[in-house]
Amino acid sequence: QVQLVESGGGLVQAGGSLRLSCAASRSIFSINTMDWYRQAPGKQRELVATITSGGSTNYADSVKGRFTISRDNAKNTVYLQMNSLKPEYTAVYYCHLKANWVPYWGQGTQVTVSS
């Protein structure tokens, strides 16, 4: 079992920045990939960013150059730095990982970008 707790969401104006955190209840050292997803009202959940245990990253085209995913294995935490935010980024952001092929999700954190 792994519990994931996201934090850092909130209301921000377009062009602003937020930093999301996802704290895991156990070591993430052996977790190969960790991800951030988001789900906007009326839309499907979509993958935003991925980071591997080796530090390789991948991003959705819509956020490339604006978002940065990172992980701190010592703190069992993954981060999502979001810059130059747009109103269309408004969504609930979820942290995700798989441990022993079992998927785990956090409860989500709301990000609202006003125009």
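Remarks
- For residue 37, the stated conditions hold: it is touching a residue at least 12 places away in the same chain (Cβ under 8 Å) and closer than 18 Å to residue 103 by Cβ.
- Residue 1 passes every criterion in (1) of a type outside the set (Ser, Thr, Tyr); (2) part of a loop (DSSP other than H, G, I, E, B); (3) open to solvent by less than 20 Å² (accessible area, probe 1.4 Å) apart from (3).
- Residue check, residue 11 surrounded by 18 or more Cβ atoms within 10 Å (Cβ to Cβ), at pLDDT 95 or above and within 17 Å of residue 114 (Cα to Cα): no
- Qualifying positions in segment 80-101 - at pLDDT 95 or above, over 13 Å from the mean Cα position of the chain (by Cα) and aliphatic (A, V, I, L, M): 85
- Complete set of residues in segment 41-52 that are of a type in the set (Ser, Thr, Tyr) and either open to solvent by 30 Å² or more (accessible area, probe 1.4 Å) or touching a Lys or Arg at 6+ places or on another chain (Cβ under 6 Å) (or both): 52
- Test set (1) in contact with a strand residue (DSSP E or B) (Cβ under 8 Å, 6 or more places away or on another chain); (2) without any contact (Cβ under 8 Å) to a residue 60 or more places away in the chain; (3) over 21 Å from residue 1 (Cβ atoms); (4) not aromatic (Phe, Trp, Tyr) - residue 61 fails condition number: (1)
- Residue 26 open to solvent by 20 Å² or more (accessible area, probe 1.4 Å) and either under 16 Å from residue 97 (Cβ atoms) or in a loop (DSSP other than H, G, I, E, B) (or both): yes
- Qualifying positions in segment 53-91 - surrounded by 18 or more Cβ atoms within 10 Å (Cβ to Cβ) and either in a helix (DSSP H, G or I) or among the aliphatic types (A, V, I, L, M) (or both): 63, 69, 78, 80, 82, 85, 89, 91
- Pairs where the first residue, in segment 99-115, is closer than 11 Å to residue 13 by Cα and the second is open to solvent by 100 Å² or more (accessible area, probe 1.4 Å) and of a type outside the set (A, V, I, L, M, F, W, C), C-beta under 9 Å, 6+ apart: 113/13; 113/88; 114/13; 115/13
The values are calculated or read from the model by the stated rules, or taken from the named source; none is laboratory data. Fair warning: this is a prediction, and the values are worked out from it, not measured in the lab. Here the Cβ is made from the backbone with ideal geometry for all residues, glycine too, and neighbour counts use every protein chain on show. These accessible areas exclude ligands, DNA and RNA; they are computed on the full protein's heavy atoms, side chains included. Shrake-Rupley method; radii C 1.70, N 1.55, O 1.52, S 1.80 Å.
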